[in-house]
Each structure stands twice: as structure tokens, then as C-alpha cells.
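Step one of this worksheet: look at the structure below.
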Amino acid sequence: MRLTMVGTGYVGLVTGVCFAGTGNDVTCLDLDARKIDSLRQGRCPIYEPGLDELLERNIKNGRLHFTTDPAGAYRDAEIIFICVGTPSDATGHADLKYVMGAADDIARALQKDPSSHRTIVVKSTVPVGTTLKVRDRIRAAAPNVRFAIANNPEFLKEGDAINDFNKPDRVVVGVENEQTGDLFRRLYDPFVRNGHPIYVMDILSSEMVKYASNNFLATKISFINEMANLCEAYGADIAKVREGMCADKRIGSQFLYPGLGYGGSCFPKDTLACIAMGKQAGVPVPLSSAVHETNQRQRDRFFARIESRFASAGGLRGKTLAFWGLAFKPRTDDVREAPALTLIAKALAAGASVRAFDPVAGETARAEIGPDAAILADMYEAARGSDALVISTDWDDFKSPDLGRLGAALKSKLIFDGRNLYRPEEMIGHGFEYICVGRPVAPGDRKS
């Protein structure tokens with residue numbers, strides 16, 4: 001099929017590359033000329049394992065094209081995917097100007113060839129009802145254009161997006177008629193030969209699936225962090241509690257890892273969007289509100305533990321904290337809503353110096369943090385001379401460090417582990433003061 005992706009951000013680029021990988025002819029449209037020039041040369045603007053290789057291969061095979069020309073991008077397209085950003089404000093209200101701008105561009109371009117039938121797909125995560133607004137906007141601007149409208153939410157995990165797209169748990173499509181549903185069944189057939197389903201449903205339900213899914217996963221993260229905080233208060237071990245509860249098949253084990261809370265571009269935005277939709281519709285959503293508040297409070301709580309530890313030494317002013325991890329999760333350079341950046345901002349505001357390392361997110365973090373924190377190219381160099389180490393992202397690089405080298409690099413053998421990477425007894429045995437999430441720091445430790 002001939003496909004066009006509007007937007008070459010994370011969703012548009014991964015979607016376009018993977019569709020090209022199964023033999024489709026894909027054109028990716030973006031107004032950023034420098035970005036398009038870079039992509040034409042096979043240079044990927046984002047870090048995503050496996051994406052570079054697929055990008056180069058599909059360009060070489062002539063199935064993947066990049067352009068800044070809307071007319072050319074839409075001319076022969078059978079299916080047009082809108083994959084632009086939908087940034088939200090602090091209250092969760094999504095800014096739809098890019099989505100509606102894409103709809104206007106599509107209407108203008110298709111007016112020149114009204115006889116051809118296209119399918120226009122909103123793949124961006126949008127508030128429920130937006131896809132139908134896109135349909136109505138195009139109809140009003142181009143009444144003679146023949147098209148079908150659809151919604152096709154993405155479920156890509158950063159760091160594993162290629163695998164998620166090529167072997168999806170499910171594909172969800174919202175359509176207005178059975179013919180459009182059949183089109184998507186053909187398009188996605190190469191990706192679901194593992195037997196996983198394609199769910200074809202109404203558009204409003206399709207839009208809601210994305211929000212409901214991410215909100216539920218965010219709920220699991222906030223829940224396990226709340227349980228970890230109770231474990232800290234009573235001396236229980238969240239690792240053992242987790243094992244016991246996750247053995248129940250009704251509960252499962254995914255997304256039930258205590259730590260610093262969720263970040264990234266999806267969970268914070270989509271949880272806030274559910275809260276905003278509830279307010280707009282007059283439907284109370286207290287659970288979603290509590291999930292968001294619990295998540296934000298988890299970072300504050302962890303930093304309060306750092307401050308408390310240094311209170312007897314005059315506070316954090318003049319101290320140096322090392323941070324291992326800047327991305328919101330491993331296998332990505334995305335620092336949006338990253339817990340590390342929140343903690344670093346608090347540390348700097350308290351008068352501390354910061355030395356940080358991340359395997360891939362150093363440059364993206366530098367653009368956010370600015371010159372106030374030193375970002376180093378080596379994890380042990382970041383620790384050198386620091387009064388404490390804060391572990392904020394669970395990269396594999398950090399899971400089996402040379403503890404002798406680490407202890408020698410640190411000014412004080414003090415670790416605040418926000419990801420529970422190590423066994424407390426082992427760290428204590430190596431002479432570290434080890435503060436983690438939801439676990440006693442020593443056998444039998446209790447809070448009286």
C-alpha cells in the first residue's frame with residue numbers, strides 16, 4: 001500500500017519504518033527541512049534500539065521516502081496517518097493545533113484531486129471525540145473530497161518500540177464502516193500472524209482504549225510505590241511483598257516495580273488527560289487524580305530522604321551529588337518528565353553540585369538542565385569526589401558495578417538507590433550506607 005506519515009516524531013517515524021519493512025511504500029512528511037535532510041541520509045534523530053538499521057535498509061530498498069512537500073506526500077497516498085504531537089498543559093488539556101493544522105493541510109491538498117478515495121487516520125493520542133472533529137473539519141473545508149476517517153492508537157514502549165510494532169499484543173482500530181475495517185485488517189495482517197488480535201471498533205471507543213490502558217498502567221506504578229512507602233514505615237520488604245502478591249495470577253507482575261514513579265511522554269500526559277476529560281464532562285475521576293498525585297509525591301518523598309540524611313551535616317549546600325541515569329527509563333534518550341531531572345533541579349535549588357552520567361541521554365538532558373550540572377562521559381567519573389550517589393534510571397550498565405572502584409571514587413560510600421538495583425545486605429557488606437525504596441537497610445531493621 002502507499003502510506004503517508006504526517007510527522008516524523010517518535011510515533012510517525014517508527015510507524016513509517018515498520019510499515020516500509022513489510023513492503024509498503026511509505027512517505028514521511030515533516031516541515032522541518034533539516035530533519036528531513038538528515039533522515040534522507042539515513043541519520044535517525046531519536047535513540048531507539050534497532051531503528052537505525054531498519055531506517056537505512058528501507059531507504060536503500062526504495063520503500064521509505066522523506067519530504068517537506070505536502071502536495072507530493074498526499075498525491076498518491078491511499079492511507080494518511082496523522083502522527084503529530086499533542087502536547088498538554090499542566091492541567092492535562094491537549095493542544096490540538098498540530099492535529100487540526102494537519103487536517104487543514106490534507107483538505108487543501110486533496111481538493112486538487114477530489115475523485116480519489118483516501119483513508120485518513122488519527123494515530124496521535126487525542127482526547128475522545130477528536131477524530132470525528134478532524135473528519136468534520138476536512139469535510140467543511142473540502143466537501144467534494146472522498147475519504148474515510150479512522151483512529152489507530154499506538155502502543156509503543158520507548159526502548160522496545162520496533163518489537164512492539166512488529167509483534168503487537170493487539171491492534172486497535174476505530175472506524176465508521178466495515179470497508180475501512182477490512183482495509184486495516186489487510187494492512188496489519190503481516191504483524192499479527194502470531195495470533196494476536198485486531199480489534200475493530202467504533203472511533204470513540206478506540207480513542208478511549210489508549211487512555212484507559214496507560215492510565216491503568218500508571219495506576220499499577222503508583223500503587224506499588226504506595227505499598228513500598230508502607231513497607232518503609234513498618235520495616236517490611238517490598239521485594240518480598242511483591243513476590244507474594246504477584247504470584248496471584250489475577251495480579252501479574254508487570255509494571256509493579258517500586259521506584260521513583262513514572263515519567264516519559266505518555267503516562268503523565270495521558271493520566272492528566274483523563275482527569276481533564278472528567279472535569280470537562282462533569283464526571284469525577286478521583287482515582288486518576290490520586291494516581292497522578294501519588295506519582296509526583298514519590299519524587300518529593302525520595303528527595304526528602306536525601307535532605308534528611310544530610311541535615312545533620314549542614315544540609316545539601318556545598319555537597320556534591322552524583323546521578324546515574326537521566327532518561328526517564330532505560331533504552332531511550334527521552335528525558336521528558338524524567339524523575340532524575342526533578343531530583344537534580346531540587347538538588348541544585350538546595351545548593352548542591354551535580355555530576356551526572358547516562359549511557360545515551362546525556363545530550364538531551366544537557367539541553368534541559370543547562371550548564372548548572374556537569375554531565376560526564378563515564379559513570380565512575382561522575383561518582384568521583386561526590387558525597388553520595390543517586391541511582392535514578394535502571395540501565396543495565398548500573399546493575400553490576402565494580403563496588404571497589406565505586407567506593408574509591410565516592411567521597412562518602414553513600415548510595416540512594418531509587419530503582420532497587422542491589423541487595424541491601426551485599427551493599428552493607430561492602431561498607432556502603434545504602435538507602436533504597438521500600439526495603440529495610442539491614443536485616444531486622446524496623447521503624448519504631
Index of the failed condition, R146 passing every other in (1) modelled with pLDDT of 95 or more; (2) in contact with a His (Cβ under 6 Å, 6 or more places away or on another chain)
(1)
Just to be sure before I move on: is I306 over 29 Å from P127 (Cα atoms) and without any contact (Cβ under 8 Å) to a residue 60 or more places away in the chain in the structure I sent?
no
Could you please give the count of residues in the stretch 116-125 that are under 31 Å from the mean Cα position of the chain (by Cα) and assigned to a loop (DSSP other than H, G, I, E, B)?
3
Among the numbered conditions (1) under 29 Å from A273 (Cβ atoms); (2) assigned to a loop (DSSP other than H, G, I, E, B); (3) not aromatic (F, W, Y), tell me where D113 comes up short.
(1)
Quick test of your reading of the structure: L348 fulfils all but one of (1) surrounded by 19 or more Cβ atoms within 10 Å (Cβ to Cβ); (2) in contact with a strand residue (DSSP E or B) (Cβ under 9 Å, 6 or more places away or on another chain). Name the failing condition by number.
(1)
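Residues of the stretch 18-57 being more than 17 Å from F184 (Cα to Cα), free of Cβ contacts under 8 Å to residues at least 60 places away in the same chain and β-branched (V, I, T), which ones? Reasoning before the result, please.
Residues of the stretch 18-57 that are more than 17 Å from F184 (Cα to Cα), as a first pass: 27-57.
Restricting the remaining residues to those that are free of Cβ contacts under 8 Å to residues at least 60 places away in the same chain gives 27-45, 52-53, 55-57.
Matches in the stretch 18-57: T27, I36.
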Can G282 be described as over 30 Å from S412 (Cβ atoms) and either in the same structural domain as A356 (by TED's automatic domain parsing) or in contact with a Lys or Arg (Cβ under 6 Å, 6 or more places away or on another chain) (or both)?
yes
In this structure, does F267 turn out to be under 21 Å from F19 (Cα atoms) and either touching a residue at least 24 places away in the same chain (Cβ under 8 Å) or touching a strand residue (DSSP E or B) at 6+ places or on another chain (Cβ under 9 Å) (or both)?
no
Take the stretch 307-345 and flag every residue that is surrounded by fewer than 23 Cβ atoms within 10 Å (Cβ to Cβ) and assigned to a helix (DSSP H, G or I).
E307, S308, R309, F310, A311, S312, A313, T342, A345
Among the residues of the stretch 126-140 satisfying the criterion of being outside any helix (DSSP H, G or I) and hydrophobic (A, V, I, L, M, F, W, C), which is nearest to T86 (Cα to Cα)?
V126
Taking helices (runs of 4 or more DSSP H) that do not extend beyond the stretch 1-108, which have at least 2 residues that are among the small types (G, A, S) and surrounded by 19 or more Cβ atoms within 10 Å (Cβ to Cβ)?
10-21
Search the stretch 141-187 for residues being assigned to a loop (DSSP other than H, G, I, E, B), touching a Pro at 6+ places or on another chain (Cβ under 8 Å) and charged (D, E, K, R), and hand back the single one that is farthest from K112 (Cα to Cα).
D160
Out of curiosity, is V175 of a type in the set (A, V, I, L, M) and under 26 Å from T332 (Cα atoms)?
no
Which one of these is surrounded by fewer than 14 Cβ atoms within 10 Å (Cβ to Cβ) and modelled with pLDDT of 95 or more: N194, N177, N225, N214?
N177
Return the only residue of A140, A107, A103, A161 being within 30 Å of the chain's Cα centre (by Cα), over 22 Å from A218 (Cα atoms) and not polar (S, T, N, Q).
A103
Single unsatisfied condition, P339 versus (1) over 14 Å from the mean Cα position of the chain (by Cα); (2) within 22 Å of H292 (Cβ to Cβ)
(1)
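The values are calculated or read from the model by the stated rules, or taken from the named source; none is laboratory data. Computed from a predicted model, the values in this text were never measured in an experiment. Backbone-built Cβ (ideal geometry, glycine too); neighbour counts: all protein chains shown.
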